[in-house]
Structure formats: structure tokens, C-alpha cells
Amino acid sequence: MRVIEKISDLKAVIRSQKLSGKIIGFVPTMGYLHEGHISLVKASKDENDFTIMSIFVNPTQFGPNEDFEKYPRDMARDSKMAEEAGVDIIFAPTREEMYPDSYKTYIEVEDITGVLCGKTRPGHFKGVTTVVAKLFNIVEPDKAYFGQKDAQQVIVIKKMVRDLNMNLEVVICPIIREYDGLAMSSRNSYLSTGERKAAVILSKSLFEAKELIKNGERDASKLIKYISERISTVDFAEIDYVEITDAENLEEVEMINGKVLIALAVRFGKTRLIDNVVVEV
Ligand code: AMP
């Protein structure tokens, strides 16, 4: 496995891989790898000849008061995990390589970026779509792998790919969870022991809501109230949002019908966690 920092070096490798007919899979990440990331690598390896992972903590998707500086980074550990998982190349550009001083261009998907996480993280998705579009242009993958953990991100990226006629397939992989249900996240490393214990309420309340729907509950506001109340019973939790939307277009729903997304963001101390389930009736 090679670690490449320069865009020109990566492009040269990709050119030769493509010339020899290789199908390229791409897994974009911000590093501090866990089994969620590795599941994307596994999917890519199953479906492609050559797997590239990017590790780049993208400054443009962090707000001014967010955790860009303290976001966990450990390139030595990540390289080892990626190599063991069978990644062929890690692309780990510097900030200057991706955004030189003269940088001026941004990609923005409208409307669906203004709801859910977009409400409390203005500009976040503009940073995500910009970096992902740049990475797609650099890597030119046949398939790119994203986790359902970031449900809104997946919908926004799919929309960008469709709207801009990008020449690749976006593959969505299921959420990988800890033994107790907590969705794996690099940010879980911020949690104190008490916060970590409390955070299990996120997946628990989502699974309970799913069960309520299975048992016939269709009123979205009742389900939101149920989840919010469950979360409020634990220490540290401060709800950012709990929402139920159409799973495809992220429009709020009043009644559960068809495929819906139940999504939430909750702060435990300084750590903001997200989780979701998709339910189809
Ligand atoms: P990140 O490094 O957090 O930006 O995540 C990189 C990719 O891994 C994104 O497509 C995420 O959705 C995906 N991912 C993160 N956590 C998980 C998880 N627990 N299960 C599945 N995919 C995940």
C-alpha cells in the first residue's frame, strides 16, 4: 500500500491503472478509522480491482466554532488498518494541496442542505460537496462508497452526482455499530466514560421507535416526542434535533407512510453525535 500526498502523483497512478483496464473503487474519509470505514473498504474490494481511500480532515466542512483543530488524527494507525483491510492507496493530501491560497470554487446543493444537520451546521454541506467533487475529479472512480451513518450526506452527494452528471456510481453501505448499538464514529473518542454510557440511548430510542411503527404507530409527532423524551432521561444529552422525513427527499412527514428517515443529532457535552434509522411501511 502506498500513501500519496500529491494530486499529480495520484493522477499518474490512476492513469496507469485505468490504462490496464482496472475498475476503481473510492472510499473518502476523514481518517481515525474504525470498522465503519473498513466496511466501506470491504464493499469496494468486493466490487472493484483497485481501492483508493482518501484521508483528509476537510476544513471547509467545519464551522468556525466546530472541532476542526481537535478532530482526531492518527496516520500511523490509519495506515496499518487500511493496509490490513486491503486498501491499495491512501490519498492524504495537505490542506494546501487541496485548497491553495488562490482557491475560489464551491459546489452547493440547494434546499436539502438547509434541513436536519444543515440547520445547525450552516455551510457544512457546501464544504462536503466541494471536497467530494474535487476528490471525484482527482480519483475518477467507477464507484464511490459512503455510509448510511451520514444519511443526509448520502442524499446530498447522490443529488450532486445526478445534477452534475458525474460519471460514477454512489454506493451506500449500512451503519456499523458498537456492541451496544452506538453508531461507530471517530468522534466517539471524545466521549467521557459517562457520556459514552449515556450515548447508547440514541440507537436504543431509534430502534424502539422503529418497533412502535411496526406495531402500528403512524403519527410522526408522537414518535418524535417519544424519542425526545427517551433521550431526555439520560445525563449529558442535549438534543439538537429529532426529525422524521421522507427518506428520499428529506421533506418532513406528518404520517409514517412509505420509506421514512428518522434522524437525530444530540450533544453529549462538547460532542455532537448523529444517528438514524430508515423504516419502510
Ligand atoms: P468520516 O471519516 O466520518 O467522514 O466518514 C467517512 C465515511 O465513512 C462516510 O461515508 C461515513 O458515512 C462512513 N461512516 C462513518 N461511520 C460509519 C459507520 N458507523 N458505519 C458505516 N459507515 C460509516
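The values are calculated or read from the model by the stated rules, or taken from the named source; none is laboratory data. Here the structure is a predicted model, which means the values were calculated and not measured. Glycine also receives a Cβ, built like all others from the backbone with ideal geometry; neighbour counts cover every protein chain displayed. Side chains included, ligands, DNA and RNA excluded: accessible areas come from the protein's heavy atoms. Shrake-Rupley method; radii C 1.70, N 1.55, O 1.52, S 1.80 Å.
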With a 1.4 Å probe and all protein chains in place, put GLU195, GLU69 in order of accessible area, largest first.
-> GLU69, GLU195
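Taking only Cα atoms of the stretch 186-274, what ratio of Rg to Rh do you get with Rh as the Kirkwood inverse-distance radius? If you can, show how the numbers build up before the last one.
Values: Rg = 13.4 Å, Rh = 13.5 Å.
Checking Rg against Rh, the ratio lands at 1.00.
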Hey, what's the Cα Rg ratio for the stretch 2-173 versus the globular rule of thumb, 2.2 N^0.38 Å?
-> 0.99
Charge dipole (the stretch 2-173, unit charges on Cβ, about Cα centre) - positive-most of GLY127, VAL41, ALA92 = GLY127
Give the residue from PRO141, LEU182, MET81 lying farthest towards the positive end of the charge dipole for the chain; charges sit on Cβ (+1 for Lys and Arg, -1 for Asp and Glu) and the dipole is referred to the Cα centre.
-> MET81
Using only the alpha-carbon atoms of the stretch 100-148, report the extent along each of the three principal axes, biggest first, to the nearest angstrom.
-> 32, 31, 14
Only Lys, Arg (+1) and Asp, Glu (-1) charged, at Cβ; the chain dipole about Cα centre in debye = 420
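Per the Cauchy relation, a quarter of the hull surface: what is the mean projected area of the convex hull of the alpha carbons in the stretch 70-111, in nm²? Write out the running numbers ahead of the final one.
Details: hull surface 22.0 nm².
Average projection, Cα convex hull of the stretch 70-111: 5.5 nm².
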Nearest 10 degrees, 0 to 90: helix 75-85 Cα axis against the chain principal axis = 90
By how many degrees, 0 to 90 and rounded to 10, does the Cα axis of helix 124-139 deviate from the longest principal axis of the chain?
-> 30
Under 22 Å from the Cα of LYS270, which lysines turn up, not counting those fewer than eight places away in the same chain?
-> LYS70, LYS119, LYS149, LYS197, LYS204
If we count trypsin sites (Lys or Arg not before Pro) as exposed when they sit in a DSSP loop and have at most 16 other beta carbons within 10 Å, what is the longest stretch of the chain that avoids them all?
-> 105-217
Grab the DSSP H runs of the chain that are 4 residues or longer, score each as -39,500 (n - 2.57), total them, divide by all residues and round the 222 nm result to the nearest 500 deg cm²/dmol.
-> -11500 deg cm²/dmol
Projected onto the charge dipole of the chain (unit charges on the beta-carbon of Lys, Arg, Asp and Glu, signs +1, +1, -1, -1), the Cα from VAL154, VAL277, VAL260 with the largest positive-side position is that of VAL154
With charges set only on the Cβ (+1 for Lys and Arg, -1 for Asp and Glu), what does the dipole of the stretch 125-281 come to about its Cα centre, in debye to the nearest 20?
-> 400
